[in-house]
Amino acid sequence: MTTSVALVRGINVGPSTLVPMADFAVLLRDEGFTSVKTLLRSGNAVFDSPVPLDTEAVASLESRFASVTGVSASFVVLEARQFVSVVEENPLVAQSDNPSRLMIAFLDGAAPVGANIDMPDAAALLPEVVYVGSRAVYAWCPFGVTDSKIPARFWKQFGPRATVRNANTANKLVSLVLPRLEA
């Protein structure tokens, strides 16, 4: 079995995007996934499947999600080991003092590299810090996301599928995943 983490983008952030997590869990079970566990209301799930999900399977899941819930949303699905690796890769943990303000933008593929990224001026952002990893963008926002100086144009270059979780949520998902990997 393959354990995966699904991150749904943009649900339960307003009245038109409400999806009860119990309904999300039922949808995943109806799609044949097992050991389904959801976390919080922001569209996080850990589940097992006989094979890893490819892009076609993720697209099918998104379509089924929209059909069942009435909410169109994109998914980032990572195999469990890959998810843990992305969370552990975060180089900003040591300089952050509040994991609810340490953000991880999970990407649906490899991050662009070098000259392909238009980075904001690091000095102008201080005390905020941004780092582009292999499969995520990490941001330390000590005054909160709402008051962040990171320009929207920076985030847009990572596409409409990128979905953000704070380090608290990511660490809770890791704690759901690790026992499955150790079994």
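The values are calculated or read from the model by the stated rules, or taken from the named source; none is laboratory data. All values reported here derive from a predicted model rather than from experimental measurement. Glycine also receives a Cβ, built like all others from the backbone with ideal geometry; neighbour counts cover every protein chain displayed. We work out accessible area using only protein heavy atoms, side chains counted, and drop any ligands, DNA or RNA first. Shrake-Rupley method; radii C 1.70, N 1.55, O 1.52, S 1.80 Å.
Helix 167-182 axis versus longest C-alpha principal axis of the chain: approximately 50°, rounded to the nearest ten.
First select every other residue whose beta carbon is under 14 angstrom from the beta carbon of V13; then total the charges, Lys and Arg +1, Asp and Glu -1.
Neighbourhood net charge equals +3.
Extents of the chain, largest first, come to 49, 39, 30 Å (Cα atoms, principal axes, whole angstrom). Anisotropy class assigned to the stretch 139-183 is oblate, per the alpha carbon gyration tensor with a/c at or over the 1.5 cut-off and a/b no larger than b/c. Partner lysines whose Cα lies under 19 Å from the Cα of K37, excluding those fewer than 8 positions away in the same chain, are identified as K172. Based on protein heavy atoms only, the chain ends up with 50 Å² per residue of surface accessible to a 1.4 Å probe.
Taken along the Cα-to-beta-carbon direction at a fixed 7 Å, the label points for A124 and A57 span 4.3 nm.
Can you tally the net charge around N98? Count Lys and Arg as +1, Asp and Glu as -1, for every other residue whose Cβ sits under 14 Å from the Cβ of N98. Don't skip to the end; give the middle numbers.
Values: positive: R101; negative: D97, E128, D147.
Summing Lys/Arg as +1 and Asp/Glu as -1 gives -2.
Helices in the chain, meaning DSSP H runs of at least 4 residues, each add -39500 (n - 2.57). Divided by all residues, the mean residue ellipticity at 222 nm is -9500 deg cm²/dmol. 3J(HN,Hα) along the stretch 62-77: 4, 5, 5, 4, 4, 5, 7, 9, x, 10, 8, 8, 8, 10, 10, 10 Hz, from the Karplus curve 6.51 cos²θ - 1.76 cosθ + 1.60 with θ = phi - 60°, whole Hz, x for Gly and Pro. Surface composition of the chain: carbon plus sulfur atoms contribute 53% of the solvent-accessible area (1.4 Å probe, protein chains only, all chains present). Can you tell me the orientation of helix 21-30 relative to the chain, as the angle in degrees between its alpha-carbon axis and the longest Cα principal axis, to the nearest 10? Approximately 50 degrees, to the nearest 10. Close amide H partners of S74, meaning residues 5 or more places away or on another chain with modelled amide H under 5 Å apart, are R9.
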